[in-house]
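Here is the structure we will look at, set down as structure tokens.
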Amino acid sequence: MTTIGVALGDRAYPILIEPGLLARAGDHLAPLARGRPVVIVADANVRPHLATLEASLRAAGVPSAAVTVPAGEGAKSWASLERLCDRLLDLGVERGDHLVALGGGVTGDLVGFAASILKRGCSFVQIPTTLLAQVDSSVGGKTGINAGAGKNLIGAFHQPRLVLIDPQVLDTLPPRELRAGYAEVVKYGLIDDSDFFGWCEANGPALLAGDADARAHAIARSVAAKARIVAADEHETTGLRALLNLGHTFGHALEAEAGFDGTLLHGEAVAAGCALAFRYSVRRGLCAAIDAERVAAHLRAVGLPDGLAGVTATGARLVDHMRHDKKASGGVLPFLLARGIGGTFLDRGVDLGDVAAFLDAEPR
Ligand code: GLY
């Protein structure tokens with residue numbers, strides 16, 4: 001078992017990582033439940049995992065109830081949030097109780113936000129079942145739903161009490177989703193850990209093909225990086241946590257252009273966005289071309305997008321999507337650029353007209 005702590009004072013919590021952990025989750029939830037029932041909120045895609053979790057709670061003598069929410073980005077809506085909160089109130093959830101979010105990033109974000117507002121805040125535990133949720137969204141307490149005006153515009157920082165990560169659940173994840181989540185793993189190497197990027201180049205294909213040790217190593221290293229960054233800048237005020245958005249500004253524009261309808265997965269957009277951020281850094285004279293080519297070559301090698309292939313939108317249109325990014329402030333959109341692999345930094349002086357010209361010059 002690997003245990004990684006998120007050092008947030010009285011809101012500190014552990015992240016436990018171990019193959020097969022889901023079947024033993026009851027043992028870890030029992031001390032939190034203290035005899036009260038645990039309410040599991042799961043999406044429709046994870047029914048087999050729900051059965052495993054319920055059995056482990058029964059074995060640990062913890063009563064439980066299960067609530068199902070729809071799978072997919074559409075579940076991060078006011079309507080789903082209202083239905084979920086009403087259901088939780090019907091079940092008699094109390095402030096000291098623990099909700100368990102079992103599923104991917106959508107479920108974690110929705111359940112975490114419900115936990116943050118239900119009875120002015122109750123506790124929750126994350127049991128992420130996708131690689132993306134395991135290495136990114138289940139850690140750090142960003143919770144929320146989407147609004148008509150954009151993704152994740154309604155939400156709260158609300159830290160979980162515990163995160164349980166079972167790499168074995170990835171065995172049943174569709175390969176495309178696994179690959180998309182892997183983009184967020186690569187991202188940690190690109191941010192500030194060039195050795196880890198080298199590890200990804202050597203081991204990424206094996207990880208995607210099912211190598212259990214490679215998966216466990218990549219998850220632990222990614223989570224340790226995220227825990228360190230979140231502990232230092234929980235509310236994204238110093239700019240450190242913003243580094244986790246590498247690839248997200250370009251990626252968000254591609255997702256918005258695709259219509260957030262699943263034709264382009266979030267991780268795929270992040271992959272393309274990382275490659276674009278590196279190439280844009282080369283254009284600005286900040287980064288050696290060979291580093292940008294190395295990033296793109298690794299993404300291509302594992303079957304992830306490395307740029308704008310198939311995208312017909314003009315640079316101006318893509319930049320227009322970026323202007324609606326929630327990170328924009330006072331007309332300035334902070335960009336994550338790189339001085340090299342492992343050398344990501346925040347640049348508040350990017351000229352969006354130049355970004356549009358760069359995108360127009362990119363191969364399609
Ligand atoms: N996914 C970016 C963050 O948690 O800050």
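The values are calculated or read from the model by the stated rules, or taken from the named source; none is laboratory data. In this text, all values refer to a predicted model and were calculated from it rather than measured experimentally. As a convention, Cβ positions derive from the backbone with ideal geometry for all residues, glycine included, and neighbour counts pool all protein chains shown. Surface accessibility is based on the protein's heavy atoms, side chains included, excluding ligands, DNA and RNA. Shrake-Rupley method; radii C 1.70, N 1.55, O 1.52, S 1.80 Å.
I'd like the full set of residues that are touching a residue at least 24 places away in the same chain (Cβ under 8 Å) and either open to solvent by less than 50 Å² (accessible area, probe 1.4 Å) or in a loop (DSSP other than H, G, I, E, B) (or both), limited to segment 281-290. Result: Ser281, Arg284, Leu286, Cys287, Ala288. Does any residue of segment 97-109 turn out to be free of Cβ contacts under 8 Å to residues at least 60 places away in the same chain and surrounded by fewer than 21 Cβ atoms within 10 Å (Cβ to Cβ)? No: zero hits. Per the conditions (1) more than 16 Å from the ligand (Cβ to nearest atom); (2) open to solvent by 10 Å² or more (accessible area, probe 1.4 Å), the sole criterion not satisfied by Phe197 is (2).
Please state which of the following conditions Gly35 fails to meet, knowing it meets all the rest: (1) open to solvent by 30 Å² or more (accessible area, probe 1.4 Å); (2) in a strand (DSSP E or B); (3) small (Gly, Ala, Ser). With (1) open to solvent by 30 Å² or more (accessible area, probe 1.4 Å); (2) in a strand (DSSP E or B); (3) small (Gly, Ala, Ser) applied to Gly35, the lone miss is (2).
Reported count of residues in segment 125-151, each being within 16 Å of the ligand (Cβ to nearest atom) and outside any loop (DSSP other than H, G, I, E, B), is 16. Return yes or no: is Arg364 open to solvent by 50 Å² or more (accessible area, probe 1.4 Å), more than 14 Å from His252 (Cβ to Cβ), among the basic types (Lys, Arg) and in a helix (DSSP H, G or I)? For Arg364, the condition - open to solvent by 50 Å² or more (accessible area, probe 1.4 Å), more than 14 Å from His252 (Cβ to Cβ), among the basic types (Lys, Arg) and in a helix (DSSP H, G or I) - is not met.
Here Ala214 fits the description: closer than 23 Å to Gly5 by Cα and surrounded by fewer than 22 Cβ atoms within 10 Å (Cβ to Cβ). Restricting attention to segment 42-74, the residues that are modelled with pLDDT of 95 or more and either assigned to a strand (DSSP E or B) or open to solvent by less than 70 Å² (accessible area, probe 1.4 Å) (or both) add up to 21. In segment 242-280, what residues are open to solvent by 40 Å² or more (accessible area, probe 1.4 Å), among the charged types (D, E, K, R) and out of contact with any His (no Cβ under 7 Å at 6 or more places or on another chain)? Matches in segment 242-280: Asp261, Arg279. Within segment 154-169, is even one residue within 16 Å of the ligand (Cβ to nearest atom) and under 22 Å from Pro305 (Cα atoms)? No - not one qualifying residue is present in segment 154-169.
Just give me the residues in segment 138-178 being open to solvent by 70 Å² or more (accessible area, probe 1.4 Å) and within 15 Å of the chain's Cα centre (by Cα), in sequence order. Of everything in segment 138-178, those that are open to solvent by 70 Å² or more (accessible area, probe 1.4 Å) and within 15 Å of the chain's Cα centre (by Cα) turn out to be Lys142, Phe157, Glu177. Reported count of residues in segment 1-22, each being in a helix (DSSP H, G or I) and either open to solvent by 60 Å² or more (accessible area, probe 1.4 Å) or closer than 17 Å to Leu99 by Cα (or both), is 4.
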